[in-house]
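Step one of this worksheet: look at the structure below.
The values are calculated or read from the model by the stated rules, or taken from the named source; none is laboratory data. Nothing here was measured: the structure is a model prediction, and the numbers come from that model. All Cβ positions, even for glycine, are placed from backbone atoms using ideal geometry, and neighbour counts span all protein chains on display. Heavy atoms of the whole protein, side chains included, go into the accessibility calculation; ligands, DNA and RNA do not. Shrake-Rupley method; radii C 1.70, N 1.55, O 1.52, S 1.80 Å.
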Number of protein chains: 2
Amino acid sequence: MSASLSSLDTPVALLDVSRMQHNIQRMQQRMNELGVRLRPHVKTSKCLPVIQAQIAAGASGVTVSTLKEAEHCFAEGIDDVFYAVAIAPGKLEQALRLRRKGCRLSILTDSVTAARAIVAFGQAHDERFDVWIEIDCDGHRSGLTVDDPSLVEVASTLVDGGMQLRGVMTHAGSSYDLDTPAALQALAEQERRLCVSAAERIRQAGLPCADVSIGSTPTALSAQSLHGVTEVRAGVYVFFDLVMHNIGVCQADELALSVLTTVIGHQQDKGWIIVDAGWMAMSRDRGTQRQSEDFGYGQVCSESGEWIDGARVTGANQEHGIITLAAGSEADISERFPIGSRLRILPNHACATGAQFPDYHACDSEGAIHTWSRLHGW
Amino acid sequence: MSASLSSLDTPVALLDVSRMQHNIQRMQQRMNELGVRLRPHVKTSKCLPVIQAQIAAGASGVTVSTLKEAEHCFAEGIDDVFYAVAIAPGKLEQALRLRRKGCRLSILTDSVTAARAIVAFGQAHDERFDVWIEIDCDGHRSGLTVDDPSLVEVASTLVDGGMQLRGVMTHAGSSYDLDTPAALQALAEQERRLCVSAAERIRQAGLPCADVSIGSTPTALSAQSLHGVTEVRAGVYVFFDLVMHNIGVCQADELALSVLTTVIGHQQDKGWIIVDAGWMAMSRDRGTQRQSEDFGYGQVCSESGEWIDGARVTGANQEHGIITLAAGSEADISERFPIGSRLRILPNHACATGAQFPDYHACDSEGAIHTWSRLHGW
């Protein structure tokens with residue numbers, strides 16, 4: 001890989017394709033064993049070759065976080081798309097356009113108000129939207145709790161209004177706060193149980209609720225049973241990152257995304273190595289700050305990818321990153337990391353770091369580097 | 001502005017052009033009074049119409065943080081460009097290409113090693129690069145201190161090697177940690193004094209050092225004298241943001257950048273208003289976290305821009321923002337902020353939030369909205 005790597009200007013986002021394929025296989029195999037469909041969340045990569053690799057490995061349909069992602073996937077022949085953010089009524093027009101082109105777009109709601117807006121718009125345009133209801137399984141964000149009085153009302157509003165109620169979905173986002181297998185397994189079971197219970201409540205009211213969709217990378221990799229679940233959505237597993245490493249669901253050699261950077265200076269007295277990857281490259285995500293190990297703005301590796309213990313990006317300006325070594329390190333930084341030499345930085349959060357770049361430089365096992373473009377904006 | 005605003009899908013980055021023009025005039029007038037050239041830093045906007053407005057108001061040349069910005073500006077006829085990040089030797093080829101096309105590109109170094117690399121490359125290609133030396137005035141980042149033994153050696157390396165030593169530059173980045181006029185004035189004076197002293201040390205060694213360039217928005221707006229300084233670089237003043245507001249160098253009605261967002265849900269029990277601007281729109285920048293007032297991920301305003309006291313984005317997932325109101329607020333959030341209604345969010349850090357968007361929607365005083373594209377990547 002080195003000969004091609006040296007041709008790249010820095011900073012760039014590098015993808016290790018072998019690691020990515022390993023990660024895709026790992027999650028797909030697990031979902032196959034648990035007997036559920038995997039509908040990967042494309043918000044992590046926002047990149048078609050990555051999504052195609054997930055589908056080639058057995059994933060079925062995609063989850064998106066913006067309608068731009070939906071349009072992008074559909075334009076490339078992926079027609080089963082779940083827009084997994086509660087829809088703003090103002091976006092129904094755009095959703096309708098996608099459906100009229102043949103996209104089986106699913107939309108999401110967690111309120112009677114929005115359900116009524118969907119029904120009104122759907123009836124006015126003679127469109128039977130595919131709609132899911134969001135369930136709150138951990139108090140983390142949005143969704144209705146399983147015992148919320150309006151759960152059945154949302155469902156009946158949709159069904160009575162002629163919409164296609166597809167099912168219920170939830171996201172155990174609080175899994176990011178955990179770091180033991182026992183706690184992760186317990187939350188995965190809670191996510192499963194509450195989402196399945198919500199579906200049962202709706203069914204008991206005589207309404208259809210065929211599908212139960214759950215998902216977060218940590219719970220997907222921790223669940224012991226997915227009884228009653230029909231699909232799993234997960235995203236960051238495709239690259240993994242330091243947050244996932246701290247949570248304990250991946251190993252260091254599974255991190256597929258890194259930022260290649262160049263040393264541009266030193267502050268010898270302070271032990272600072274200055275590189276050309278600041279927060280504009282790494283993002284401002286400090287997701288490991290309150291975890292067991294704080295990696296600053298990223299863990300530093302050699303150009304070829306070997307983890308340098310204790311070397312982290314501890315400061316970040318827009319285009320300047322400041323790397324420091326572990327306390328007690330006796331290295332002459334100018335000798336060991338000379339100006340012009342290159343390093344790789346593993347990110348805290350792959351979704352956030354990826355978003356800083358217009359494209360990935362994907363390095364395959366033969367050492368070839370491919371430029372894969374990413375979506376930007378909405 | 002409202003009629004056109006309602007046509008925009010959310011989230012979008014809104015620019016209030018009147019405020020921006022006011023900010024540009026304010027800084028330009030101040031620099032004119034202090035008798036120095038203003039060379040605005042375009043890393044904040046990365047947007048040509050903004051840069052053109054700065055030049056139309058009297059700015060002279062530009063400061064850039066990437067060579068992509070340099071190429072972009074030069075392609076639009078701006079030929080005096082200062083790339084104000086210590087140059088990696090691997091980028092000299094790209095710098096040479098720009099100069100060969102006629103761009104008066106200045107580059108920067110703070111080490112003998114890099115100065116030698118510049119000389120070697122310049123001599124090999126018969127190019128007399130315009131080079132500046134970076135001075136460290138506050139221990140904040142990179143640069144040589146005024147008493148560093150290698151300061152004169154860097155200068156003589158460049159001059160003896162046939163390069164054009166243009167001058168010295170510094171950036172008082174630690175101004176972001178201050179919030180009183182007295183402290184800001186003192187740091188501005190320290191920035192001026194140390195950078196001028198560095199120039200004098202070089203001149204005393206018999207070497208040319210015509211220019212003295214300083215700059216940060218807080219110090220530029222606080223300096224009482226710029227004696228000995230020839231130019232000021234500043235960036236974020238063009239939009240301002242909540243960090244600048246906390247520092248005390250702008251008023252709330254000078255913040256020109258905001259993110260327009262739509263309410264997509266509520267968690268009534270928790271007092272959460274869920275909007276479609278998460279960290280992907282606001283960035284992960286938490287620059288106000290350790291300031292006098294922590295604005296979370298942003299201060300919330302009405303759609304037309306009125307500041308809603310105590311309303312802040314206190315949580316952010318990728319596409320979900322969670323807004324909470326001030327403690328003790330008795331508002332029925334579903335009534336006051338119904339699903340589908342719109343809000344504006346003022347960002348902590350304009351440079352970071354702007355970077356999340358492919359373009360700005362610039363609203364002029366007649367209410368027209370123009371789409372202005374931004375640079376993305378390197």
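Here are a few things to note about the model shown:
- Subset of segment A:282-301 that is more than 14 Å from chain B (Cβ to nearest Cβ) and under 20 Å from the mean Cα position of the chain (by Cα) - its residue that is most open to solvent (accessible area, probe 1.4 Å): A:291
- Those helices (runs of 4 or more DSSP H) of segment A:1-73 in which 1 or more residues are under 28 Å from residue A:222 (Cβ atoms) and without any contact (Cβ under 8 Å) to a residue 24 or more places away in the chain occupy A:17-34, A:48-56.
- Scan of segment A:60-95 for residues that are more than 18 Å from residue A:40 (Cα to Cα) and open to solvent by 10 Å² or more (accessible area, probe 1.4 Å), ordered by number: A:89, A:90, A:91, A:93, A:94
- Those residues of segment A:15-27 which are open to solvent by less than 10 Å² (accessible area, probe 1.4 Å) and more than 14 Å from residue A:49 (Cα to Cα), in sequence order: A:23, A:27
- The residues listed here are B:147, B:126; of these, the one that is without any contact (Cβ under 8 Å) to a residue 60 or more places away in the chain and away from every other protein chain (no Cβ under 14 Å) is B:126.
- When segment A:336-353 is limited to residues that are within 11 Å of chain B (Cβ to nearest Cβ) and out of contact with any Pro (no Cβ under 8 Å at 6 or more places or on another chain), the one that is nearest to residue A:302 (Cα to Cα) turns out to be A:342.
- Entirely in segment B:272-378, the strands (runs of 3 or more DSSP E) that have 2 or more residues that are in contact (Cβ under 8 Å) with a residue 60 or more places away in the chain and not basic (Lys, Arg): B:272-275, B:342-346, B:359-363, B:369-373
- Criterion (assigned to a loop (DSSP other than H, G, I, E, B) and over 15 Å from the mean Cα position of the chain (by Cα)) met by exactly one of B:260, B:226, B:194: B:226
- Check on residue A:170, in contact with a Cys (Cβ under 6 Å, 6 or more places away or on another chain), closer than 30 Å to residue A:125 by Cβ and of a type in the set (Ser, Thr, Tyr): yes
- Residue ID - least open to solvent (accessible area, probe 1.4 Å), chosen from residues in segment B:308-332 that are away from chain A (no Cβ under 13 Å) and among the small types (Gly, Ala, Ser): B:311
- Residue A:52 falls short of the stated requirement of being over 18 Å from the mean Cα position of the chain (by Cα), closer than 30 Å to residue A:304 by Cα, of a type outside the set (A, V, I, L, M, F, W, C) and away from every other protein chain (no Cβ under 14 Å).
- Residues in segment A:250-277 that are touching a helix residue (DSSP H, G or I) at 6+ places or on another chain (Cβ under 8 Å), open to solvent by less than 10 Å² (accessible area, probe 1.4 Å) and either more than 17 Å from residue A:313 (Cα to Cα) or away from chain B (no Cβ under 13 Å) (or both): A:250, A:255, A:256, A:257.
- Evaluated against (1) open to solvent by less than 60 Å² (accessible area, probe 1.4 Å); (2) small (Gly, Ala, Ser); (3) assigned to a helix (DSSP H, G or I), residue B:182 falls short on exactly one condition, (1).
- Among (1) open to solvent by 30 Å² or more (accessible area, probe 1.4 Å); (2) polar (S, T, N, Q); (3) closer than 27 Å to residue B:237 by Cα - the single one residue B:164 does not satisfy: (3)
- Exclusive hit being outside the structural domain of residue A:177 (by the TED database) and modelled with pLDDT under 95, set A:365, A:341: A:365
- The residue that is nearest to residue B:242 (Cα to Cα), counting only those in segment B:170-179 that are open to solvent by 40 Å² or more (accessible area, probe 1.4 Å) and of a type outside the set (Asp, Glu), is B:176.
- Some residue of segment A:192-203 being in contact with an Asp or Glu (Cβ under 9 Å, 6 or more places away or on another chain), of a type in the set (A, V, I, L, M, F, W, C) and without any contact (Cβ under 8 Å) to a residue 60 or more places away in the chain: yes
- Subset tally (residues that are assigned to a helix (DSSP H, G or I) and either more than 14 Å from chain A (Cβ to nearest Cβ) or under 26 Å from the mean Cα position of the chain (by Cα) (or both)) for segment B:98-118: 4
- For segment A:155-179, filtering for residues that are over 20 Å from residue A:110 (Cβ atoms) and in a helix (DSSP H, G or I) leaves 2.
- Matching residues, segment B:353-378, being within 21 Å of residue A:353 (Cα to Cα) and open to solvent by 40 Å² or more (accessible area, probe 1.4 Å): B:359, B:378
- The selection criterion, being buried (at least 24 other Cβ atoms within 10 Å of the Cβ), more than 26 Å from residue A:134 (Cα to Cα) and at pLDDT 95 or above, holds for residue B:350.
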